1. Show the residues, 5+ positions off or on another chain, whose built amide H is closer than 5 Å to the amide H of ALA255.
2. Simple spin-label model, 7 Å along Cα-to-Cβ: GLU291 to THR334 in nm?
3. So what's the convex hull volume per residue for the Cα atoms of the chain, in Å³?
4. So if I take the alpha carbon set of the range 41-129, get Rg, then get Rh from the Kirkwood formula, what is the Rg over Rh ratio?
5. For the chain, find the longest principal axis of its Cα atoms and tell me its angle to the long axis of helix 279-303, 0 to 90°, nearest 10.
6. Hey, what angle do you get for helix 113-127 against the long axis of the chain, alpha-carbon based, 0 to 90 degrees rounded to 10?
7. State whether the range 372-456 is rounded, prolate or oblate according to the following rule on the C-alpha gyration tensor (a ≥ b ≥ c being the square roots of its eigenvalues): a/c under 1.5 gives rounded; otherwise a/b larger than b/c gives prolate, and the remaining case gives oblate.
8. For every other residue with a beta carbon closer than 14 angstrom to the beta carbon of GLY217, add +1 if it is Lys or Arg and -1 if Asp or Glu, then tell me the sum.
Amino acid sequence: MNSTRHSALDTRHSPDTRHSPDVLVIGGGPSGIGAAVGAARAGARVALVERHPALGGMGTSGLVNNFCPAHWDGHRLIIGGVFGEIRRALIESHAIYAEQTPGCHPAMEIYDPQAMERLTERLCRDAGVDLHLSSTLTDLREEEGFVCGSINGQAFRARTLVDCSGDAGFARALGCETRIERGRLMPLTYCFLFGPIDLDALGAEMPETLRTDPVSGERHIYFSSEETGKLGELFRAAREAGDFTIPRRNLPILASVPGRPEYATVNIGRVFCEDPTDPELLAAASREGEEQVHLALAWFAKYWPGMKDVKLVQLARQIGVRETRQLVGKTTLTREDVLGLRQFDTVIAQCWYPIDVHHPDGSGTTMHALPLGEHYDIPLDCLIPAAGSGRVLVGGRCISATQEAMSSFRVSPGVMAIGEAAGVTAAVAARDGVEIGAVPYAEVRRLLEANGAILT
């Protein structure tokens with residue numbers, strides 16, 4: 001690979017700086033947001049390509065609008081940086097139910113997906129990121145030491161590329177090795193927003209489904225539990241009557257949207273797909289997922305108090321995919337690393353979240369909790385390909401990890417921290433004119449901590 005040192009202002013290969021970035025980030029989900037902002041704040045010219053018309057990925061377009069508590073170990077915050085900044089902004093605007101209590105088991109934090117879209121776009125633009133929304137990238141290749149291709153037909157040359165697509169397909173196209181466990185992947189879910197829900201009627205019969213936000217005082221719905229109490233009775237009665245045929249053993253995640261508590265987002269579907277990177281198989285899974293949405297709506301309306309008049313308000317822009325390809329990196333994070341709370345000398349992110357494997361047959365889950373007050377580390381080498389282009393890193397859930405390890409860090413706080421580290425590393429490589437593997441860890445850590453990352 002060409003390792004000639006280049007000035008960050010060298011644009012002789014293209015007069016259009018918007019199409020000659022130092023760092024090109026593919027994917028505008030949590031990891032891509034972290035990567036783009038991290039790289040821009042490290043001094044790089046950054047372009048971000050996102051296929052949807054808004055940023056946020058599964059947290060907005062997928063309506064998985066929550067922070068599973070990878071960032072809070074029961075005693076302290078362990079993820080900061082770009083994620084911490086976004087979380088604080090959501091709290092300040094009353095757009096999130098943030099309920100972490102010291103000494104207690106961490107809670108899932110629900111946010112307003114529309115607020116998240118606005119906030120993340122403003123954050124990226126303020127950092128100087130060139131956003132290419134509703135955009136596609138084609139003709140990807142490496143040429144003369146640059147990563148080249150086309151964004152919506154417009155040619156570009158980038159010094160480095162960060163694949164935050166979730167599938168590692170772009171890294172794979174540049175010669176990086178990936179693996180996929182076809183037929184053993186976690187199931188897919190089509191999330192949706194529905195309402196209005198009569199909170200008084202729901203609370204009168206099932207008070208355990210309601211909470212009160214300590215900041216705004218807003219009463220809202222939140223539950224995610226096993227088949228116990230009144231909730232379990234409704235579940236079992238619907239199954240016995242043939243009114244609930246979705247292959248799910250545990251109750252759905254149902255949560256009000258902050259500011260609109262009579263409307264809730266739902267994570268309930270279970271769709272098996274042998275390989276979601278296959279367009280035909282993904283299209284079939286999406287159709288099945290949408291059918292499950294309407295089955296769920298009918299179940300809510302028929303069985304749940306306060307929900308007889310609910311309607312579908314918004315279907316997610318895409319079905320939620322939990323797992324596809326994983327990078328084959330210089331280091332692979334394992335189940336033993338997670339459960340053993342392993343600490344690495346080249347840590348780029350800390351994480352506290354259970355191993356959470358949704359069974360490939362679509363039914364149940366296997367959970368392995370971590371102790372309160374503890375965490376494990378994710379090392380830089382999990383983001384760096386073992387082979388292929390020296391201009392490429394991977395961020396997000398598709399870094400080098402086993403299924404069980406990935407099932408822990410795949411949630412938004414974890415992948416945003418991973419993405420930020422990938423962006424910073426790519427920025428340093430572009431700045432110094434070196435391949436990714438030659439970037440000194442100490443410089444990556446210095447830049448991450450300068451932006452508020454928590455690495456100890």
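The values are calculated or read from the model by the stated rules, or taken from the named source; none is laboratory data. Keep in mind that this is a model prediction, so the values were computed, not measured. Methodologically, a virtual Cβ is constructed for each residue, glycine included, from the backbone with ideal geometry; neighbour enumeration extends over all protein chains shown. The area values use the complete protein model at the heavy-atom level, side chains included, leaving out ligands, DNA and RNA. Shrake-Rupley method; radii C 1.70, N 1.55, O 1.52, S 1.80 Å.
1. THR265
2. The modelled label-to-label distance comes out at 4.1 nm.
3. Measuring per residue, one finds 125 Å³ for the Cα hull of the chain.
4. Numbers: Rg = 14.0 Å, Rh = 14.1 Å.
Radius of gyration over Kirkwood radius for the range 41-129 works out to 1.00.
5. Around 30 degrees separate the two axes.
6. Once rounded, one gets 20 degrees.
7. Verdict is oblate for the range 372-456.
8. Working: positive: ARG211, ARG219; negative: GLU99, ASP213, GLU218.
So the surrounding residues net to -1.
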